[in-house]
Structures are given as C-alpha cells and as structure tokens.
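Some notes on the structure that comes next.
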Amino acid sequence: MHRRQACAALPNDENPEQAVQRRLRESEEVAERVKFLQDRVELDAALERAGDSLVVLEVASEEICQTGWDEEPELQWDEDKRAALEPCLRLKHTFARIARDCSDAVFLAISADDPKSKELVEELQVKTIPTVQFIKNKQLLWEHKGINKLEQNLSEGVLYYGDQAAENLKASSFVKDLHSPEEFQEFVKSQDKDVLTVVDVCASMCEPCVHIFPAVLALARNFEKHAAFARVQLDETPELEALLAGSLGIRDVPTFLFYRNGAAVGRHVGGSRADLIGNILQQQPIDCRRDAEWRLWHASRA
C-alpha cells in the first residue's frame, strides 16, 4: 500500500543542530511574512502597501474553533473542547508555511482573542472563527468561514488568486492568463497543428472556479506539448466578457472551451473535476490519453 511519508527526513548534509537552526530561520521568515493587525488604520495601511498583490487575511483564535456549519456541535467535556481546537492549531502552521513559501502575496492576521482587535473583527463582519479572506486591490474576492475544509481552500485560493503552486511553480507558466479579445484569438489560432486548446472561462468571485483550478493546472502540466491551457477571468476583462457572452453564448462559469487548429471542437460547463478531466481525455488521441491518465494517476498518489 502506498503511504505518505509522515515526517520529512533531514537533508543528507544536515545534523540535528543544523536542523534546529534551520527551523529557527524558518520561524523568523514566517514572523516577517505574517503581519498581525489590531485596528482599521493598520489594515488600511497594509492594504495600501499591498497594491495589486493578493492579500490573504486570517481571523483566528486559540480559544474558538468553529466549523462554519449552520449548527455548531455542543461540547460538554474538556477533552472534546481540546480536540475541537486541534484543527485550528494545525491551520496556524499551514497558514505560516504558505506565507513563507508564497512570496508574491501579502499575509495578514488578526487575533480574535485580542481585545484591541474586537472592533476590527466586527467591522469586517466576521462572525465565524476562523475566517480567511482573499483581497485584491482592496476588494474582497472570496472568504471561507469555519475550519471545515479551510486548509484545502486556503491552498486553492492562493493558487487561484495568487498564481502560487507547489514546488515554487507559477500557475501562469502552464495556464496563460488572457486579457483581451486579441490575446484570446491569438492564443486559439497560434497553437501547433492538432494540439488541443483549452480556455478556462471563469470569474474572480466564483467559488466553483476556485475549487476546479487545481485540476486545470494538473491537466496543463500533464498534457504539456499535447494541449495548451489558458484562463479568462470575465469580471477583470470587460471586452472579453462582451465577446464571450455575445458571440459564444457563455452564460455560466466555469465554462471550458475546446479548440483544435483554431476551430471549436466542444465545451464543458460546470465545476466537477472528474467530468472536466474525462471530457479533456476524450478529446485526446488514444496514445496521448493513456500517457496522461498514467501521469495523472501517479501525481494523485505522490
């Protein structure tokens, strides 16, 4: 049976003392990357400094860890309360790790336990702890409320909005962002003969678009040289929105447009990862399809 490695081994040339020093350096890097805020003035200043960079804002507590469900479970025993806090303690480490590894985004944190932060939490209308917000150009794009699936959604949000993939890869290296009708037409028509061209039509405030994007990236990486992938965020490109909604009749996002040799060959509508993967595999020749299926399966087991 395949098992994930539980703990990372020390590098070959690193002894225990060096490992301690490395972890201390990493902790210092996290302290530099995550800025804690207490009031609106500090938040406004941080958003101003961020410019057009992605801002990831976490509101968390060491005493409260809510699921985000309509009804929170009642915890009668101290053991149950301690167990309920554990996912939020893990989230703290996940947030710190992503902040350390994602240098292109700005990471902010507010402690809901700090009395000085109470007014700011109320201003942000945060009623569920923890909450993570994704902000760009001072505009709230998306937020996740509660610990349920928060670690997964934190990673997906940073990937979708911040262009940061695992292994320090840029998603845009595999999925090209298109910003105008001219770029759209050029991308569709410029691919090599018989290469499948896939355009992900999405929107910045579309939650299903966020969740399916890791599958889009995985497909782009595994079909490299056999397929070309691009992305259009409609609400950021008004001219393209008019073209796609008018000429191509796009009404829902995400929609995936398939082209080959500059001609439309199909489309997929919806946020199902399995259905998208199945549709793209069906568009490929048998030999390419089998090779990609093996690579996708191998990647899912890594």
Would you check which residues across the stretch 228-283 are among the small types (G, A, S) and farther than 15 Å from A215 by Cα and list them?
-> A242, A245, G246, S247, G249, G262, A263, A264, G266
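Being outside any helix (DSSP H, G or I) and either surrounded by fewer than 13 Cβ atoms within 10 Å (Cβ to Cβ) or of a type in the set (S, T, N, Q) (or both) is the filter here, so list the residues in the stretch 88-112 that pass it.
Applying the first criterion (outside any helix (DSSP H, G or I)) to the stretch 88-112 yields 102-112.
Within the stretch 88-112, S103, D104, S111 qualify.
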Counting only residues that are in contact (Cβ under 8 Å) with a residue 24 or more places away in the chain, touching a helix residue (DSSP H, G or I) at 6+ places or on another chain (Cβ under 8 Å) and aliphatic (A, V, I, L, M), how many does the stretch 65-93 have?
-> 1
Looking at (1) more than 30 Å from F258 (Cα to Cα); (2) surrounded by 13 or more Cβ atoms within 10 Å (Cβ to Cβ); (3) modelled with pLDDT of 95 or more, which is the one condition that is false for P115?
-> (2)
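Quick one: which residue in E48, E72, E29, E79 is surrounded by fewer than 12 Cβ atoms within 10 Å (Cβ to Cβ), modelled with pLDDT under 90 and either touching a Leu at 6+ places or on another chain (Cβ under 7 Å) or not β-branched (V, I, T) (or both)? Walk me through how you get there before you give the answer.
Details: E48 fails: modelled with pLDDT under 90; E72 fails: surrounded by fewer than 12 Cβ atoms within 10 Å (Cβ to Cβ); E29 fails: surrounded by fewer than 12 Cβ atoms within 10 Å (Cβ to Cβ).
Selected residue: E79, the only one of E48, E72, E29, E79 that is surrounded by fewer than 12 Cβ atoms within 10 Å (Cβ to Cβ), modelled with pLDDT under 90 and either touching a Leu at 6+ places or on another chain (Cβ under 7 Å) or not β-branched (V, I, T) (or both).
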Return yes or no: is V132 at pLDDT 90 or above and not in a helix (DSSP H, G or I)?
-> yes
Selection from the stretch 35-87 of residues among the β-branched types (V, I, T) and part of a helix (DSSP H, G or I) yields V41
Boolean, D104 is modelled with pLDDT under 90 and closer than 27 Å to D235 by Cβ | yes
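Select from the stretch 247-265 the residues that are basic (K, R) and either over 25 Å from D192 (Cβ atoms) or in a helix (DSSP H, G or I) (or both) and list them in ascending order.
Quick first cut of the stretch 247-265, residues basic (K, R) only: 251, 260.
R251 - this is the single residue of the stretch 247-265 that is basic (K, R) and either over 25 Å from D192 (Cβ atoms) or in a helix (DSSP H, G or I) (or both).
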Per the filter on the stretch 192-203, residues touching a residue at least 60 places away in the same chain (Cβ under 8 Å) and crowded, with 18+ Cβ neighbours inside 10 Å are L196, T197, V198, V199
Name the single residue, out of those in the stretch 215-266 being out of contact with any Gly (no Cβ under 9 Å at 6 or more places or on another chain), touching a residue at least 24 places away in the same chain (Cβ under 8 Å) and among the polar types (S, T, N, Q), that is surrounded by the fewest Cβ atoms within 10 Å (Cβ to Cβ).
-> N261
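The values are calculated or read from the model by the stated rules, or taken from the named source; none is laboratory data. The structure displayed is predicted, hence computed values, not measured ones. Neighbour counts run over all protein chains shown; Cβ positions are idealised from the backbone, glycine included.
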